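First the structure, in the form of structure tokens, and then the observations on it.
Where a number appears in this text, it was derived from the coordinates with a stated rule and is not lab data. Remember, it's a predicted structure, so these values are computed and weren't measured experimentally. Positions of Cβ are backbone-derived with ideal geometry, glycine not excepted, and every protein chain shown enters the neighbour counts.
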Amino acid sequence: MKIDEFPQDMQPHLLPAHEGRLVYRCLGCGAQFGIEQLLYVCPECRQVLLLEDANFERLKAVPGAVWRRIFDYRKMLTVPALRGIYRYHEFIGPVIPLDAVLYLGEGHTPVVRANVPLRDELGIDFYFKNEGQNPSASFKDRGMASALSYIHSLIQRGILSEVLAVCASTGDTSAAAALYGAYLKPRIKSAVLLPHQKVTPQQLSQPLGSGATVFEIPGVFDDCMKVVEALSEEYPVALLNSKNAWRILGQESYSYEIAQDFEYDVSQLAVVVPIGNAGNITAVMSGFLKFLEAGVINALPKIVGVQSEHADPVYRYYLEPQADRRRFVPVTVRASVAQAAMIGNPVSMPRVIHMVERYNQTAGCQRVFFAAVAEQDIMDWQLTANRNGHIACTHGGEALAGLRAARAHGWVQPGDIAVLDSTAHALKFSGFQDMYFENRFPEEFGITPNPALVNQPVYIRPKDLEQVPAPGRPLKDEEFRRFVRRTAEDIAGRLQLRKRA
Ligand SMILES: *Cc1c(COP(=O)(O)O)cnc(C)c1O
Ligand SMILES: [Zn+2]
């Protein structure tokens with residue numbers, strides 16, 4: 001719809017006019033820094049940063065009801081820059097000119113309700129939000145759209161000329177970074193560091209296909225991260241890991257979308273998020289807090305963070321109920337099917353600590369919960385979800401296993417509605433499904449296939465046939481007719497079909 005066709009009172013709001021004054025805020029010493037430079041940690045105390053809008057008060061001056069109408073009307077707008085995560089421009093990047101915005105189709109992912117059998121099994125109404133339907137097939141595209149739109153704006157303003165973007169990854173970050181970097185060719189070149197043999201073949205093929213330089217490093221993600229940090233400290237590179245606060249900002253869109261998807265009534269919701277480096281759960285909490293502060297929503301949903309028992313440092317930290325006695329201890333990770341979350345020393349841990357405290361304080365009660373789930377449950381629930389029409393990967397399975405745990409603990413009850421972050425597409429991690437179906441998980445995973453969930457192709461070759469077709473050797477006439485008839489008979493037999501009368 002064209003702007004002059006919208007209701008008159010909406011027209012001035014459709015294109016974002018709010019000018020943000022974004023600053024990096026250090027979570028250690030509280031210092032703030034201008035955004036003209038690319039900063040990842042505080043130059044003074046080395047702590048991680050978050051971006052804050054010093055003009056946020058002005059957003060509060062707009063009534064919540066007006067914001068809700070703005071976002072709803074923007075759905076009908078065809079301006080490319082506002083089609084993705086920047087529908088919420090005022091909250092996500094109010095310093096990025098619309099012509100610097102990169103839009104590759106990210107965001108506004110489907111919210112798919114679980115069918116009746118699955119809802120009955122869990123004893124609660126719930127939805128998957130399919131982040132696997134983003135362009136590189138994971139939620140990482142949200143943060144990458146934000147980080148690269150910002151870098152693009154710096155290039156447009158002549159502050160940067162050429163950028164070498166680097167990241168370490170458990171697979172999906174590099175896929176997204178390479179994709180968005182490729183779009184800004186030749187001003188941006190990207191290099192990604194992956195832990196050797198710790199990403200899936202699909203995840204490896206993605207940055208290769210996008211033309212990034214791909215390095216494989218011995219060890220696990222935490223080791224790669226250290227190398228990337230050393231690179232970013234000593235060489236002129238742009239770091240695209242979630243240490244980069246612009247990534248967090250973009251991922252807040254996930255919460256804004258949930259608010260809009262549920263007509264801004266989120267008080268009964270419980271949002272379930274798998275945790276790896278903890279950037280995503282930080283963004284999810286931050287997004288809901290900002291919408292609450294601006295009056296777009298009137299309550300905070302519950303948040304359930306989920307980790308695998310094989311990589312659960314955040315869960316362990318919150319086992320101690322008394323805040324002043326909690327102590328963060330990195331863990332040594334073990335093999336996990338939630339491979340993109342196999343992280344023992346999450347970069348965003350200080351952000352999580354900061355946000356959880358604010359979140360619970362603002363809510364006036366505990367609204368954030370953490371669960372650890374078994375590898376076996378992750379696989380079983382992923383396969384169960386997919387047998388009920390979903391496209392969850394292992395991390396979506398982790399979220400579903402986490403919902404089960406949250407039900408068992410009584411953190412969520414019937415009457416609540418859960419929204420599960422299905423963080424990537426099943427196809428990215430289909431190798432784990434193969435291992436399950438073929439019963440060849442190495443022992444370290446601790447996974448035994450449940451026969452009821454196993455599925456295998458059935459090879460049909462009627463024994464009484466002498467000839468079957470082969471590539472370049474088709475059958476002819478009666479031989480071919482016999483092949484078709486006999487094969488159909490065998491299949492019908494296995495499916496226990498009776499011939500039409
Ligand atoms: C990155 C990733 C996660 C973990 O997100 P964090 O922000 O690192 O906590 C979970 N699932 C998938 C599929 C991912 O790619
Ligand atoms: Zn500091």
Selection from Ile159, Ile275, Leu179 lying farthest towards where the dipole of the range 143-277 points positive, charges on Cβ: Ile159
Cβ under 12 Å from Ala212's Cβ, Ala212 left aside: what net charge do those residues give with Lys, Arg +1 and Asp, Glu -1? +2
Stokes-Einstein diffusion coefficient for the range 419-487 at 37 °C in a medium of 0.692 mPa s, Rh from the Kirkwood formula over Cα pairs: what value in µm²/s? 204
In percent, how large is the relative contact order of the chain, given Cα pairs closer than 8 Å and 6 or more residues apart? 14
Can you give me the Cα centroid spacing of the range 402-458 and the range 315-393 in angstrom? 16
Inter-centroid distance (Cα atoms) of the range 197-276 relative to the range 20-45, Å: 20
Just tell me the longest site-free run in the chain, where the sites are GluC sites (Glu not before Pro) in a DSSP loop having at most 10 other beta-carbon atoms within 10 Å. 264-465
The chain: antiparallel bridges as % of DSSP beta bridges, rounded to 5, reads 30
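Using the Kirkwood radius over C-alpha pairs as Rh, can you work out the diffusion coefficient of the range 41-164 via Stokes-Einstein at 10 °C, viscosity 1.306 mPa s, in µm² per second?
D = 92 µm²/s.
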Taking neighbour Cβ counts within 10 Å as the exposure measure, how do Val48, Val192 sort from fewest upward? Val48, Val192
How long is the chain along each principal axis, judged by its Cα atoms, biggest number first, in Å? 79, 56, 52
Which pairs break 26 Å Cα to Cα here: Lys140/Lys290; Lys2/Lys290; Lys75/Lys189; Lys226/Lys302; Lys140/Lys198; Lys129/Lys185? Lys2/Lys290; Lys75/Lys189; Lys226/Lys302; Lys129/Lys185
Expressed in angstrom, Rg and Dmax over the Cα atoms of the range 228-299 are 15.1, 48
Using the C-alpha gyration tensor of the range 458-501, what are the square roots of 5 times its eigenvalues, in whole angstrom, with the largest one first? 22, 12, 8
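Classify the range 263-308 as rounded, prolate or oblate, taking a ≥ b ≥ c as the square roots of the eigenvalues of its Cα gyration tensor: rounded when a/c is under 1.5, otherwise prolate if a/b is larger than b/c and oblate if not.
Values: a/c = 3.77, a/b = 1.77, b/c = 2.13.
Oblate, because a/c is 1.5 or more while a/b does not exceed b/c.
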Residues of the range 121-145 with backbone N under 16 Å of the label point set 7 Å from the Cα of Arg387 along Cα→Cβ are 121-122
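Can you pull the Kirkwood radius for the range 139-250, inverse mean 1/r over Cα pairs, to one decimal in Å?
Working: mean 1/r = 0.0732 Å⁻¹.
After inverting the pairwise mean of 1/r, the radius is 13.7 Å.
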